2 protein chains.
Amino acid sequence: MKADFIGLDWGTTTFRAYLAAKDGSVIETRQSADGILAAAGRFEQAFDEQVGDWPSEVPVVASGMIGSRQGWIEAPYCPCPAGLSEIAGALASLTTKSGRRIVFVPGLSCSDANGVPDVIRGEETQVLGALANANGAYLLPGTHSKWLAVNGGRIDRFATYMTGEVYAALKAHTILGRLMREEGDDAEAFNAGVLRGAAAPELLLHTIFGTRTLGLFGTLAPEALPSYLSGLLIGSEIAAATRDFASKERVTILASASLAERYAKACAICGVTASVGPENAAVTGLARIARAAELLN
Amino acid sequence: MKADFIGLDWGTTTFRAYLAAKDGSVIETRQSADGILAAAGRFEQAFDEQVGDWPSEVPVVASGMIGSRQGWIEAPYCPCPAGLSEIAGALASLTTKSGRRIVFVPGLSCSDANGVPDVIRGEETQVLGALANANGAYLLPGTHSKWLAVNGGRIDRFATYMTGEVYAALKAHTILGRLMREEGDDAEAFNAGVLRGAAAPELLLHTIFGTRTLGLFGTLAPEALPSYLSGLLIGSEIAAATRDFASKERVTILASASLAERYAKACAICGVTASVGPENAAVTGLARIARAAELLN
């Protein structure tokens, strides 16, 4: 297979590179912990170390936080609604010291009815690469879960839910962590948490306290409490987001296999029909953007 | 004025003692940082150090975490609904080495429709001491805010909201704190946060992210962000709790003056009619319980 471009999915904590054909088929993948935090101030060196031996004549297209103000060069946010043409029309680029041109995909911004902004960077590329559903919701769970509403192949709007980061902060830095023991997943406790979280997302500041009282009263064992709290937060997120996006029918989850499975289970408990999208959506999206920008021959 | 009893409001981080008449009128107050955490293992010594010089012939009645499993002696939780008679009928007691009898007020427990328990300890005594409204909701804000539904002078049920502790964890241990500068209250940002939090408490995991984006886009200054986040959480709490308790008319707030004022403002923004109760509710409650238990002549 002929290598047509190098795609970079370069985020806060992880660097991922793909040597790929113009249809997004992957020839080789490399990954390292040289995210933009670790590689700050030496982006070109990090790039060369990882993929300096790959063909130098093919274009390089990068998405993720590498295109932010804290990254290599800023590709300003593109306002929603945005589809392939708006995104491909707003690329930033630079030429490295060794004379190589690198193109950066912009993140997206949107604003809710109250004028409060929200932002994504990298997720727009994954969604463009996974457009199994031209209409519906996309969910990219994680530290900051992103929900995107897609309409006619374009990203209409999106919302960030701080589910993963809130879970970590509650567990490590509040009274809720005191009774916990960490011993892997407890499916039953997770299910109970999801049900309760989804039944009353507006009561979240109250329902999380149940993680303590159920432990105090011995209803849940210490090793079940982390799963219960995780379920509460994920159930709240899914109930709120599907209500907000008016989409309980077509949710596509993009994530690593284990995280996608966790959210797929939670969606099923919440009565939300979800399917898991491809894991290589980023490189497919980078290929689509590169073709739309006429970077590939 | 004749001293009829010693009342102790002995919580996790604070020890408060009142030398008082049988109607709850306070003759003298003492306060120290010898809460049950600091005084663990030496409760009698801490008591003697603080109030050993007070009359030894009057009864001592204590409420708060001192009556918990981590305290001096456990006064088991009394189930809701509970009024003066149930609480006064469930006192625990011990005799100190020096021969003094100390009586402990039980905390309350309740269970929601899903069987998830909740607990309070100390707040029941304050509410019994502040029964300006024999019907309505009582709000005791703080690290763990407590909302109590009172009906005919009895505590029907209650719910804990982890508002204060979640605020502290989000500020110190998530990305939300990164852009913040701490410089006292910003009334306008607080108001905006309350409005947004109250408008959609179910979206809390999403709306808190606005604390970051409003800072990133320069809409809110770094020193306004703590007030905005505080407003978001308090607005969410008030909207959810008043909806859950079906009580937007008669909310009585019991707290220190500054915290009560903060919540009273937030209630007004949310369209909730709240009044601030007396600051000495604890000692009035202890006096009522002591009289009901026939400890006072």
Given (1) over 22 Å from the mean Cα position of the chain (by Cα); (2) facing chain B (nearest Cβ under 7 Å), where does A:Arg178 come up short, assuming only one miss? (2)
Every pair of residues 6+ apart whose Cβ atoms lie under 6 Å, when the first sits in region B:218-229 and is more than 14 Å from B:Leu195 (Cβ to Cβ) while the second is among the polar types (S, T, N, Q): B:Leu225/B:Thr211
I need the full set of residues from region B:89-114 which are surrounded by fewer than 17 Cβ atoms within 10 Å (Cβ to Cβ) and charged (D, E, K, R), in order please. B:Lys97, B:Arg101
Complete set of residues in region B:155-164 that are more than 8 Å from chain A (Cβ to nearest Cβ), crowded, with 18+ Cβ neighbours inside 10 Å and not in a helix (DSSP H, G or I): B:Ile155, B:Arg157, B:Phe158
So, of the residues in region A:214-255 that are among the charged types (D, E, K, R) and assigned to a loop (DSSP other than H, G, I, E, B), which turns out to be modelled with the highest pLDDT? A:Arg250
For region A:99-116, how many residues meet the condition of being in contact with a Gly (Cβ under 8 Å, 6 or more places away or on another chain) and either in contact (Cβ under 8 Å) with a residue 24 or more places away in the chain or part of a strand (DSSP E or B) (or both)? 4
Condition first: of a type in the set (Gly, Ala, Ser), within 14 Å of chain A (Cβ to nearest Cβ) and surrounded by 24 or more Cβ atoms within 10 Å (Cβ to Cβ). Can you find one or more residues in region B:115-122 that meet it? no
Suppose the filter is in contact (Cβ under 8 Å) with a residue 60 or more places away in the chain, surrounded by 14 or more Cβ atoms within 10 Å (Cβ to Cβ) and not in a strand (DSSP E or B); does B:Ile73 pass it? no
Out of curiosity, is A:Thr13 among the polar types (S, T, N, Q), assigned to a loop (DSSP other than H, G, I, E, B) and surrounded by fewer than 21 Cβ atoms within 10 Å (Cβ to Cβ)? yes
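Condition check ((1) surrounded by fewer than 24 Cβ atoms within 10 Å (Cβ to Cβ); (2) among the aliphatic types (A, V, I, L, M); (3) within 14 Å of chain B (Cβ to nearest Cβ)) across all residues:
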{"residue": "A:Gln126", "(1), (2), (3)": "no, no, no"}
{"residue": "A:Gly136", "(1), (2), (3)": "yes, no, no"}
{"residue": "A:His144", "(1), (2), (3)": "yes, no, yes"}
{"residue": "A:Val166", "(1), (2), (3)": "no, yes, yes"}
{"residue": "A:His173", "(1), (2), (3)": "yes, no, yes"}
Within region A:222-229, is even one residue at negative phi, out of contact with any Cys (no Cβ under 8 Å at 6 or more places or on another chain) and surrounded by fewer than 20 Cβ atoms within 10 Å (Cβ to Cβ)? yes
Restricting attention to region B:122-143, report how many residues are more than 15 Å from B:Val251 (Cα to Cα), touching a residue at least 60 places away in the same chain (Cβ under 8 Å) and assigned to a loop (DSSP other than H, G, I, E, B). 2
Candidates A:Asp186, A:Asp156, filtered to the one that is of a type in the set (Asp, Glu), farther than 30 Å from A:Gly83 by Cα and either out of contact with any Leu (no Cβ under 8 Å at 6 or more places or on another chain) or outside the structural domain of A:Ile120 (by TED's automatic domain parsing) (or both): A:Asp186
How many residues are under 22 Å from B:Ala20 (Cβ atoms), of a type outside the set (A, V, I, L, M, F, W, C) and surrounded by fewer than 22 Cβ atoms within 10 Å (Cβ to Cβ) when one looks only at region B:40-70? 10
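Condition check ((1) within 11 Å of chain B (Cβ to nearest Cβ); (2) surrounded by fewer than 18 Cβ atoms within 10 Å (Cβ to Cβ); (3) in a strand (DSSP E or B)) across all residues:
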position	(1), (2), (3)
A:Leu148	no, no, yes
A:Asp185	no, yes, no
A:Gly193	yes, no, no
A:Leu203	yes, no, no
Residues of region A:265-285 satisfying the condition of being part of a helix (DSSP H, G or I), within 19 Å of A:His144 (Cβ to Cβ) and out of contact with any helix residue (DSSP H, G or I) (no Cβ under 7 Å at 6 or more places or on another chain): none
Determine, yes or no, whether A:Thr252 is surrounded by fewer than 16 Cβ atoms within 10 Å (Cβ to Cβ) and of a type in the set (S, T, N, Q). no
Does A:Ala169 satisfy the criteria of being more than 22 Å from B:Thr219 (Cβ to Cβ) and not assigned by TED's automatic domain parsing to the domain that holds A:Ala246? no
Where residues in region A:188-231 are over 27 Å from B:Leu232 (Cβ atoms) and of a type in the set (S, T, N, Q), which of them is farthest from the chain's Cα centre (by Cα)? A:Thr219
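The values are calculated or read from the model by the stated rules, or taken from the named source; none is laboratory data. Just so it is clear, the model here is predicted, and its values are computed rather than measured. We place every Cβ from the backbone using ideal geometry, glycine too, and count neighbours over all the protein chains shown.
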